[in-house]
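Worksheet: the structure to be examined is printed underneath.
The values are calculated or read from the model by the stated rules, or taken from the named source; none is laboratory data. These numbers come from a predicted model, not from an experiment. FYI the Cβ positions are ideal-geometry reconstructions off the backbone, even for glycines, and counts take in every protein chain you see. Side chains are part of the model used for accessible areas, which takes the heavy atoms of the whole protein and leaves out ligands, DNA and RNA. Shrake-Rupley method; radii C 1.70, N 1.55, O 1.52, S 1.80 Å.
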Amino acid sequence: MIVHVLLFAAYAEALGADQLSVEVPDGSVLQDVVAALRGRQGGNLIPEQPLVARNQRYATLADLVESADEIAVIPPVAGG
């Protein structure tokens, strides 16, 4: 199945895009999506357990994904 992934800030720079389509097997969880991203060139910048959202709601890495889901991988944010 294909899921749509949004990347921000350093993650987008490392992977060279702010949006990617990622193919994962049926029955996959968000951890599988993260692993697929980490396997791409530059993906090693994404930690093994990043903050993620599924369809605009925060989610856990154990949450199932469905075809056409929109996944956001959110980098740490610092402010002043």
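Only helical DSSP H runs with n ≥ 4 go in: add -39500 (n - 2.57) per run for the chain, normalise by residue count and round the 222 nm mean residue ellipticity to 500 deg cm²/dmol. Don't skip to the answer; put the middle values down first.
Numbers: 2 runs with 16 residues, N = 80.
When only DSSP H runs of four or more count, the value is -5500 deg cm²/dmol.
Probe of 1.4 angstrom, ligands and nucleic acids ignored: what's the accessible area per residue over region 1-76, in square angstrom? Could the numbers behind the result be given before it?
Working: 4400 Å² over 76 residues.
Per residue, region 1-76 has 58 Å² of solvent-accessible surface.
Express the carbon and sulfur contribution to the solvent-accessible surface of the chain as a percent, rounded to the nearest whole number, probe 1.4 angstrom.
Working: 2420 of 4840 Å².
Carbon and sulfur atoms account for 50 percent of the accessible area of the chain.
Determine the dipole magnitude for the chain: charges of +1 sit on the beta-carbon of Lys and Arg, -1 on that of Asp and Glu, nothing else is charged, the reference point is the Cα centre, and the result goes in debye to the nearest 20. Write out the running numbers ahead of the final one.
Details: 4 positive and 10 negative charges, 44 e Å.
That gives a dipole near 200 debye.
Share of antiparallel DSSP beta bridges in the chain, in percent to the nearest 5? Before the final figure, lay out each step's value.
On the way: 13 of 17 bridges.
Expressed as a percentage, antiparallel bridges in the chain total about 75.
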